[in-house]
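Working notes for the structure below.
The values are calculated or read from the model by the stated rules, or taken from the named source; none is laboratory data. Bear in mind the structure is a predicted one, so any value in this text is a computation, not a measurement. Backbone-built Cβ (ideal geometry, glycine too); neighbour counts: all protein chains shown. Note: accessible area is taken over every heavy atom of the protein model, side chains too, but ligands, DNA and RNA are not part of it. Shrake-Rupley method; radii C 1.70, N 1.55, O 1.52, S 1.80 Å.
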Amino acid sequence: MKHVFGFPQLVALLVIGSLIWAGLGTGGNTLKIGVIAPLSGSTAVYGLAMRNGLNLAATAINAAGGIGGRTVELVYLDESNDKLVAAEATRELIYRQNVALVIGAVSSDATMNVQRICERARVPLLTSVSTNPFITRVGFRYTFRCLSDDTVQAESLARTAVRRLNLRRVAIIHDSNKYGSMGARVYAEKAAALGQAIPVSVAFDSGMTNFSPLLESIRQQNPDGLLVWGLARESALIVRQARELGMRMPILGGDGMATTGFLDLAGPAAEGALVTMPFNPTRGGEVTRRFLEDYQRAYGTEADSFAAHGYDALQLAATAFRTAGERGIPVREALAGISAYQGVTGPGGLDATGNETRPVELSVVKAGRFVPTES
Amino acid sequence: MTPKHPLARDPNGSNLAFWAGLILVFTLLYSMRFGRPEQAATPQLLPPVANTSQPIVMTPPPLPPNAPIPRSEERIPVVTPGDKPPVVTPAQFAGTGPSVMRSIPAWWQVVAPLPAVRAILPAPDGQVWVATEDGLARIAAGQVTQMTPRDGGFPARPATSLAHDGAALWIGSYEGLFRTTDGRRFERFTAADGLAHDMVWTLAWDGAILWIGTQNGISFRLPDGRFETVTKRISNGGLADLWIGAVARLGFWALCGNDDGLSIWDTRQPAANPTAWHTIDMFATNLAHNWILSLAVSKAGAVWAATPAGLCRLRTPIEQLFTGTRAEWEVFNRSRSMPTDRVDAVVPVGEDVWAGCPEGLVRIRGGLTRVLTPADGLLASDVTSLALSSGTLWVGTSGGVQALALDAFDR
């Protein structure tokens with residue numbers, strides 16, 4: 001009778017078994033965190049910067065031993081600035097990938113559709129980009145934001161526009177999405193409280209390229225300032241076309257314009273524009289300096305606000321996971337307990353609603369760069 | 001010649017098939033574990049939803065003339081907790097552990113710890129169905145049965161919403177809409193079948209039509225079994241936004257709660273006609289918040305909307321809204337003794353209204369509130385869903401389901 005199993009077969013079984021064991025072991029030692037962001041399309045400039053910041057943070061965390069011995073694995077899903085896709089991505093991450101926490105999204109529309117799913121599933125959501133105030137004012141216990149919201153940004157802009165630039169009549173042109181419409185609404189409220197008039201406010205849809213008719217209607221009102229509340233691509237086109245139409249008034253904008261994507265597309269027309277800048281590279285000290293160097297080394301470009309806030313978001317999540325592990329409390333409770341932190345974006349903190357507490361600074365475009373200014 | 005077993009030792013010391021197989025298995029495993037390119041680590045999303053850009057030609061058939069508003073509590077036989085042994089008696093529950101209170105008020109008749117509850121439905125046959133984060137659960141004959149994808153009992157998680165059309169149970173989920181007549185076999189409907197989107201958030205049965213609120217607008221199922229869809233695009237902006245958190249029917253009007261307010265469709269007109277729609281939002285009216293988390297219509301026709309900033313009762317008759325009258329709301333929030341501003345669930349019961357909040361269950365009677373918390377026997381403080389069958393209020397929280405005997409509570 002022949003032997004069916006011999007030494008080579010035994011070796012094969014051992015090899016296969018070891019590989020399966022190794023695979024299972026590694027999988028069980030990983031902490032999966034989901035990330036939803038536009039990694040393609042017209043708003044990818046935000047998502048890609050955020051991804052760079054997150055990856056840099058993950059590398060640093062894993063190099064230091066991970067979180068409680070577990071390696072951080074970031075699971076990215078591209079939502080292409082589509083809130084339906086963002087919702088589907090959230091379903092994928094929570095119910096199929098079983099992530100422990102979600103970071104994202106970028107546009108407030110998308111983030112709102114993400115947060116409703118996270119809240120029901122009781123999976124913490126941390127956004128480092130979306131600024132619509134509603135996101136942390138709906139009484140949701142599982143939503144957190146580590147970025148100054150539009151209320152803070154609009155107030156800072158309006159105060160500067162009235163008190164420093166002495167602008168009395170500011171026209172508004174804004175995206176019709178929830179980021180743009182709420183930003184414009186909040187600015188109008190803050191401006192009115194400071195005695196500034198809003199003679200005209202017009203909305204545009206994402207993807208528009210010809211803003212001349214809207215700008216003409218604004219010019220007829222003869223405002224002494226123009227507020228643009230939109231994302232980089234549309235804002236850049238608006239600024240260019242406004243200057244081409246001979247509109248020379250000061251231009252103001254929210255942090256949707258605070259990206260090199262805006263500068264690249266707007267070109268010289270962006271000079272002098274005053275925008276909110278949640279990330280001031282000169283304020284964070286040694287931690288920020290090291291981050292900027294590491295970022296430059298890793299990606300060959302300067303870190304912007306979205307990269308820096310992405311870095312801080314993952315570090316905040318890591319802190320929450322560590323605290324949860326040490327104290328035996330849910331990650332949500334640990335995240336809610338972070339009332340103060342020192343990030344690469346400077347000192348910050350989360351309030352009782354999960355919202356960022358720090359004020360925002362302003363930058364002016366000079367020689368093609370954002371230069372911090374006093375608000 | 002006797003055929004050799006593939007793993008048999010080659011008498012000549014060479015078995016090419018074996019070594020080739022080993023290399024193949026090794027390569028396969030290696031590529032699965034280590035060889036994934038970075039891009040492949042990103043899971044693919046589901047295929048895009050079906051194109052829903054066709055103009056809608058159907059309107060839902062109107063309810064019979066002078067028909068009363070369908071009321072589930074009229075069609076559903078009484079589910080008196082005393083009829084069947086409770087799933088867990090209050091006494092049993094009181095002794096389940098040190099973290100749980102030791103005595104339970106007598107008004108709690110049924111207590112069933114379950115995964116976080118999304119919806120509850122007392123069915124016509126006396127069973128109570130529960131949609132949970134893990135799937136589906138059934139309470140019948142004093143037993144609770146959980147059905148999840150893990151055990152093969154129900155194919156999706158979470159189950160988000162429930163409705164019963166008198167013949168079949170409908171279950172909404174993020175994986176589509178399911179129908180069952182026996183609780184064991186589930187027929188699935190998706191965007192490919194005409195649903196507005198696979199992610200179903202809410203269901204409502206109005207006595208003739210099944211209404212489905214999805215991530216991308218509403219669908220309704222006609223008596224012939226076809227689904228019609230109304231999205232923001234199809235309605236030319238009449239339906240104010242995509243996500244639909246709640247749907248209710250009042251006479252000719254379909255009430256669609258979304259995150260830009262309450263969009264009301266006069267169903268006598270095609271959905272593509274913008275004048276068939278009126279949206280009430282927080283910027284033009286005193287609606288507490290634009291996000292409509294739950295809707296309910298009382299026997300008297302009062303419209304209640306649960307929002308993150310308060311529970312709102314519409315004071316203005318709907319027909320007047322379509323003639324330009326500004327909507328007025330009565331708002332219940334913390335300033336009126338609600339435990340939180342956010343309200344997730346609402347059920348009118350006669351002259352009373354019950355509301356589910358993150359910090360308790362609230363009864364509003366004559367404008368005054370009474371709040372029940374875990375100290376009063378709630379399984380958890382966050383009341384996410386409510387349902388009524390005669391004399392019994394079913395309450396869903398992140399801790400499970402329980403039934404409150406309204407008579408006993410009033411005593």
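Annotations
- Single residue of segment B:283-299 satisfying the filter (open to solvent by 30 Å² or more (accessible area, probe 1.4 Å) and more than 24 Å from the chain's Cα centre (by Cα)) that is farthest from the other protein chains (Cβ to nearest Cβ): B:286
- The single condition among (1) over 22 Å from residue B:241 (Cα atoms); (2) of a type in the set (Asp, Glu); (3) within 14 Å of chain A (Cβ to nearest Cβ) that residue B:198 does not meet is (1).
- You will find that of A:87, A:105, A:64, the residue that is modelled with pLDDT of 95 or more and within 12 Å of chain B (Cβ to nearest Cβ) is A:87 and no other.
- Residue in segment A:327-338 that is open to solvent by less than 30 Å² (accessible area, probe 1.4 Å), part of a helix (DSSP H, G or I) and of a type in the set (Gly, Ala, Ser) present: yes
- Identification of helices (runs of 4 or more DSSP H) wholly contained in segment A:162-266 with 2 or more residues that are within 22 Å of residue A:43 (Cα to Cα) and either in contact with a strand residue (DSSP E or B) (Cβ under 9 Å, 6 or more places away or on another chain) or of a type in the set (Val, Ile, Thr) (or both) yields A:178-193, A:232-244, A:260-266.
- Residue check, residue A:357 closer than 30 Å to residue A:138 by Cα and at pLDDT below 95: yes
- Yes/no for residue A:115 being at the interface with chain B (Cβ under 7 Å from one of its Cβ atoms) and either more than 24 Å from residue A:308 (Cα to Cα) or open to solvent by less than 20 Å² (accessible area, probe 1.4 Å) (or both): no
- Matching entry among A:288, A:353 (being touching a residue at least 24 places away in the same chain (Cβ under 8 Å) and open to solvent by 30 Å² or more (accessible area, probe 1.4 Å)): A:353
- Only one entry in B:264, B:218, B:212, B:244 is at pLDDT 95 or above and within 13 Å of chain A (Cβ to nearest Cβ), namely B:244.
- Of all residues in segment B:302-344 being among the hydroxyl-bearing types (Ser, Thr, Tyr) and not in a loop (DSSP other than H, G, I, E, B), the one that is farthest from the chain's Cα centre (by Cα): B:335
- Residues located in segment A:67-84, provided they are open to solvent by 40 Å² or more (accessible area, probe 1.4 Å) and away from chain B (no Cβ under 11 Å): A:68, A:69, A:70, A:71, A:81
- Residue count for segment B:305-347, restricted to those that are among the hydrophobic types (A, V, I, L, M, F, W, C), within 11 Å of another protein chain (Cβ to nearest Cβ) and buried (at least 24 other Cβ atoms within 10 Å of the Cβ): 1.
- If only residues of segment B:358-411 that are part of a strand (DSSP E or B) and of a type in the set (S, T, N, Q) are counted, the one that is nearest to residue B:145 (Cα to Cα) is B:402.
- In summary, strands (runs of 3 or more DSSP E) completely within segment B:178-266 and bearing 3 or more residues that are crowded, with 19+ Cβ neighbours inside 10 Å occur at B:200-205, B:210-214, B:217-221, B:227-230, B:244-250, B:253-258, B:261-266.
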